[in-house]
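These notes concern the structure reproduced below.
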Amino acid sequence: MKIGSIAVLGAGQMGAGIAQVASCSGLPVVMIDIEQKYIDKGIGTIENSLSKLVSKERMTQEEADVAMSLISTSVSRQAASDADLIIEAIPEVKSLKISAFRELDDICKETAILATNTSSISINELAANTDRPDRVIGMHFMNPVPIMRLVEVINGKDTLPEVTDAVLRLSEKMGKIPLQCNDSPGFISNRILCPMLNEAILTLQEGVATPEAIDGIMKLGMNHPIGPLALADLIGLDTVLHIMNVLREGLEDEKYAPADLLISMVSEGNLGRKTGKGFYSY
């Protein structure tokens with residue numbers, strides 16, 4: 001099974017990053033979003049990223065130009081009809097993703113693989129909303145996509161081995177290190193990471209220490225490159241809350257209950273870097 005063309009659904013931070021690494025690996029990719037303004041922003045993100053790589057002499061201007069030439073765009077999901085692999089990277093809202101998978105299942109050719117960049121939503125549930133559950137898989141890229149080397153590959157209960165093998169080979173072609181797991185709430189990365197972030201928020205909530213001290217202790221004592229509260233701000237507090245709720249409901253365990261402080265900050269609209277205020281001001 002060979003993947004020769006890719007469609008990326010979503011031109012946000014993750015979608016643009018995925019489109020960039022796909023084109024830099026020599027594959028034609030169409031980046032799709034619902035409005036031209038989102039596509040324009042995504043293209044701008046890619047151009048800025050490639051420009052930085054050129055300035056750091058990690059690629060030539062000619063290579064950057066070739067990568068950009070391999071990216072086409074569309075505001076219609078019909079543009080994904082001939083792609084060998086479709087990577088969905090739309091907002092982390094289950095109803096939106098289910099609707100997208102139903103539509104892609106109708107639009108795309110029978111042999112196409114439908115992948116999702118979800119950070120927590122069940123692969124099996126998304127697959128169940130298609131007529132090709134054996135060709136549905138998770139490809140969880142890390143943020144920022146052009147820099148982070150991991151792709152968490154999540155197999156659904158019906159995912160064919162040859163589909164997994166094709167996705168593993170493609171991930172390596174993109175310069176990534178793919179590691180596999182089976183579908184489970186939060187997969188591996190977020191099942192381990194988000195409870196740690198939530199615990200850091202609880203220590204702040206309880207007045208145990210300041211944000212600077214909490215993050216400093218984890219950086220200096222545990223050799224973490226970024227503290228848990230700063231990382232939560234980077235990820236987005238709404239995303240952290242969503243994942244904690246997925247873990248709590250999916251694993252039916254109250255140890256995953258989100259901190260009250262996290263809930264209140266999200267309700268107040270203080271979501272971290274993307275809103276300019278979280279545990280720190282930006």
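Points to keep in mind about this one:
- Residue within the range 130-147 that is part of a helix (DSSP H, G or I) and either outside the structural domain of ILE39 (by TED's automatic domain parsing) or in contact (Cβ under 8 Å) with a residue 60 or more places away in the chain (or both) present: no
- Cβ-Cβ contacts under 6 Å between residues 6 or more apart (or on different chains), taken from a first residue in the range 149-160 that is under 14 Å from THR130 (Cβ atoms) to a second residue that is modelled with pLDDT of 95 or more and not charged (D, E, K, R), are listed as GLY156/ILE123; GLY156/ASN124; GLY156/ALA127; GLY156/VAL136; LYS157/ASN124; ASP158/PRO133; THR159/ILE137.
- Being surrounded by fewer than 24 Cβ atoms within 10 Å (Cβ to Cβ) and either in contact (Cβ under 8 Å) with a residue 40 or more places away in the chain or among the aromatic types (Phe, Trp, Tyr) (or both) is a property that does not hold for ILE43.
- Per-region count, the range 79-112, residues outside any loop (DSSP other than H, G, I, E, B), out of contact with any Pro (no Cβ under 9 Å at 6 or more places or on another chain) and of a type outside the set (Asp, Glu): 15
- Condition check for VAL21: surrounded by fewer than 19 Cβ atoms within 10 Å (Cβ to Cβ), among the aliphatic types (A, V, I, L, M) and either part of a helix (DSSP H, G or I) or touching a residue at least 60 places away in the same chain (Cβ under 8 Å) (or both): no
- Unique match (being farther than 30 Å from VAL163 by Cβ and surrounded by 19 or more Cβ atoms within 10 Å (Cβ to Cβ)) among LEU261, LEU202, LEU234, LEU197: LEU197
The values are calculated or read from the model by the stated rules, or taken from the named source; none is laboratory data. Computed from a prediction, not measured in an experiment: that's the story for all the values here. Note: ideal-geometry Cβ built from the backbone for every residue, glycine included; neighbour counts use all protein chains shown.
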